[in-house]
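Shown next, in structure tokens, is the structure this report addresses.
The values are calculated or read from the model by the stated rules, or taken from the named source; none is laboratory data. These figures come from a predicted structure and were not determined experimentally. In this analysis, Cβ positions are derived from the backbone assuming ideal geometry, glycine residues included, and neighbour counts consider all displayed protein chains. Keep in mind that these areas ignore ligands, DNA and RNA; they rest on the heavy atoms of the full protein, side chains included. Shrake-Rupley method; radii C 1.70, N 1.55, O 1.52, S 1.80 Å.
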Amino acid sequence: MRILSVVGARPNFMKLAPVDRELARRRDVEHVIVHTGQHYDPEMSDLFFEELWIPAPDYHLGVGSGSHAQQTAAVMQRLEPILTELRPDLVLVYGDVNSTLAAALVASKLGRRVGHVEAGLRSGDWSMPEEINRVVTDRLSDLLLTPSRDAGDNLVAEGISVDRVHFVGNVMIDSLCWALPQAAKRDVASRYEVRGVGYAVVTLHRPANVDDPAVLRELLEALDQMGRTMTVLFPVHPRTRERVQTLGFRPDPRGDLRLLEPLGYLDMLGLVAASQLVITDSGGLQEETTFLGVPCVTVRPNTERPVTCTHGTNRLVAPRRDAMLGAVERAVARRSPARPLIERWDGHAAERIVRVLCDGELDGAASPPHPPRRARAMPQPLAAG
Ligand code: UD1
């Protein structure tokens with residue numbers, strides 16, 4: 001059986017790693033890895049391959065940055081001949097980035113079976129490119145591998161047959177469990193001189209937060225103010241760095257807000273695990289903080305990962321200074337010694353995925369999603385204006 005995985009952007013890599021390791025145990029499987037090149041800076045890509053022990057990609061499409069249409073089209077054009085030549089039995093796509101959607105489109109039009117790792121997540125927010133990517137990818141996929149029960153419910157409510165939905169659990173947590181001992185050994189907190197000190201970790205890169213200078217300024221001012229009472233470590237995504245430079249923002253030297261280069265997976269995990277709280281707009285960090293029991297303040301009006309709010313440590317906040325400072329205060333006060341337990345966020349999701357892919361089975365009765373309480377129409381983008 002030939003399985004071909006397509007990845008391209010930073011959050012894809014930690015989802016691929018455990019699946020690749022698990023597939024490598026199967027003698028009857030050839031696993032081909034295609035990197036689209038959507039992310040290309042060494043600290044956004046190569047470092048993740050090294051740290052997560054992912055073998056070098058078999059193909060690199062080198063698409064780079066561009067508008068959504070340019071990026072999606074470039075992946076499609078460069079992937080098509082590879083799929084035509086290799087004719088894989090299954091194409092696996094991960095998450096919700098442009099490379100995910102592009103690969104699902106090409107593969108399904110060539111009649112290849114498509115499996116979507118992290119299927120069924122929905123924010124209901126059509127202004128996010130990721131929501132469009134999720135919905136379309138799921139419609140095109142034959143195997144929908146969901147991280148949580150609500151994800152399966154979303155798919156069934158959209159009319160997708162239960163037979164295609166497999167509740168495998170959260171594969172990001174597999175990577176986290178695998179890497180946590182190594183991350184702890186690196187003692188990254190000492191390197192940043194924050195060992196034993198309450199500090200916050202920040203990541204912000206969503207267009208809604210960083211592309212509007214007024215919103216970005218408000219966020220930076222809130223972080224700067226936080227920096228007067230605690231250390232705030234902010235590894236800055238390249239997209240955000242460009243915008244911060246344009247604003248001419250410099251942290252107040254009397255405080256301790258530190259703008260850092262993007263971090264690798266292990267250093268980031270080590271810092272997050274020992275932090276007092278995280279402020280983010282990333283999807284993965286909402287999940288990782290919930291698993292680790294670290295309070296998380298998510299600067300977004302919605303989340304496609306509601307289980308991190310209903311069962312975990314996550315709270316949503318508007319991108320306003322007062323709202324953020326209030327949320328941070330409450331988050332720190334709320335910290336509980338018990339880690340939340342989420343069903344099938346247990347480090348074994350990739351094993352379940354590979355059982356579905358290779359043996360066509362999962363563990364029986366527990367896997368089907370809840371039947372929807374009420375049928376509802378497929379969500380549609382709001383009409384403009
Ligand atoms: C993409 C994903 C987003 C994910 C994020 C994680 C889409 C639509 N968005 O957003 O869901 O949360 O990755 O990081 O797929 N850049 C570099 N070096 C790189 C990569 C990007 O400098 O290695 C800069 C370029 O200026 C580029 C910009 O960042 O134009 C945005 O990159 P892009 O891949 O388009 O989207 P992200 O914001 O990274």
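Worth a mention:
- On Cα atoms only, tilt of 321-334 relative to the major axis of the chain in degrees: 80 degrees
- Among the trypsin sites (Lys or Arg not before Pro) found in the range 242-310, those both in a DSSP coil and sparsely packed, with 12 or fewer other Cβ atoms within 10 Å of their Cβ, are R254.
- Within the chain: Cβ-based charge dipole about Cα centre, in debye rounded to nearest 20 (Lys, Arg +1; Asp, Glu -1): 640 debye
- Computed from backbone phi with θ = phi - 60° and the Karplus coefficients 6.51, -1.76 and 1.60, the 3J(HN,Hα) list for the range 6-12 is 10, 10, x, 10, 2, x, 6 Hz; x is used for glycine and proline.
- Taking amide H positions as modeled 1.01 Å from N, with prolines and chain starts lacking one, the residues under 5 Å from V32 and 5 or more places away or on another chain are I3, L4, S5.
- In the context of the full protein assembly, H31 retains an accessible surface of approximately 40 Å², using a probe radius of 1.4 Å and ignoring ligands and nucleic acids.
- In the range 243-287, the C-alpha radius of gyration followed by the widest Cα-Cα span (Dmax) gives 12.9, 33 angstrom.
- Compared with the direct C-alpha span, the chain from M1 to T246 gains 83.2 nm at full extension, assuming 0.36 nm per residue.
- Ligands, DNA and RNA left out, the 1.4 Å accessible surface of the chain is 52% carbon and sulfur atoms.
- Interchain or long-range residues, amide H under 5 Å from V114's placed H: V91, D142, L143
- Solvent-accessible heavy-atom area per residue, rounded to whole Å², over the range 180-333 at 1.4 Å: 41 Å²
- Degrees between helix 98-109 axis and first principal axis of the chain (Cα, 0 to 90, nearest 10): 10 degrees
- Debye-sum result for the range 270-343 in log10 I(q)/I(0), which assumes one identical scatterer on each alpha carbon, at q = 0.15, 0.17, 0.26 Å⁻¹: -0.42, -0.54, -1.27
- Based on C-alpha pairs under 8 angstrom that are at least 6 apart in sequence, the chain has a relative contact order of 17 percent.
- A simple count of charges around R335, restricted to other residues whose Cβ falls under 14 Å of its Cβ and scoring Lys, Arg +1 and Asp, Glu -1, yields +3.
- Summed side-chain charge close to V210 - residues other than V210 whose Cβ falls under 11 Å, Lys, Arg +1, Asp, Glu -1: +1
- For the range 258-343, the residue among A274, P306, A333 whose Cα projects farthest onto the positive side of the dipole built from Cβ charges is A333.
- On the beta carbon distance between D187 and E85, with R0 = 45 Å, the FRET formula returns roughly 0.45.
- Chymotrypsin sites (Phe, Trp or Tyr not before Pro) lying in DSSP loop within the range 96-178, provided at most 16 other Cβ fall within 10 Å: W126
- Extension gain, L110-E261: 0.36 nm per intervening residue step, less the Cα-Cα distance, totals 50.3 nm.
- Sequence-distant residues sharing a close amide H with I279 (under 5 Å, placed H): V201, V202, T203, V297
- Diffusion of the chain by Stokes-Einstein, at 20 °C in a medium of 1.002 mPa s and with Rh set to the Kirkwood radius over alpha-carbon pairs, works out to 100 µm²/s.
- For the range 111-154, the set of GluC sites (Glu not before Pro) satisfying both a DSSP loop assignment and a count of at most 14 other C-beta atoms within 10 Å is empty.
- Extension gain for the segment N302 to C177, taken as residue separation times 0.36 nm less the Cα-Cα distance, is 42.3 nm to one decimal.
- Prolate/oblate/rounded label for the range 180-333 (Cα gyration tensor, a/c 1.5): rounded
- Rounded accessible area per residue of the range 1-78, 1.4 Å, Å²: 45 Å²
- The phi-based Karplus calculation (6.51 cos²θ - 1.76 cosθ + 1.60; θ = phi - 60°) puts the 3J(HN,Hα) values of the range 71-88 at 5, 5, 5, 5, 4, 4, 5, 7, 7, 3, x, 5, 5, 5, 6, 7, 6, x Hz, whole numbers, x for Gly and Pro.
- The chain - mean residue ellipticity at 222 nm from DSSP helices (-39,500 (n - 2.57) per run, n ≥ 4, rounded to 500): -12500 deg cm²/dmol
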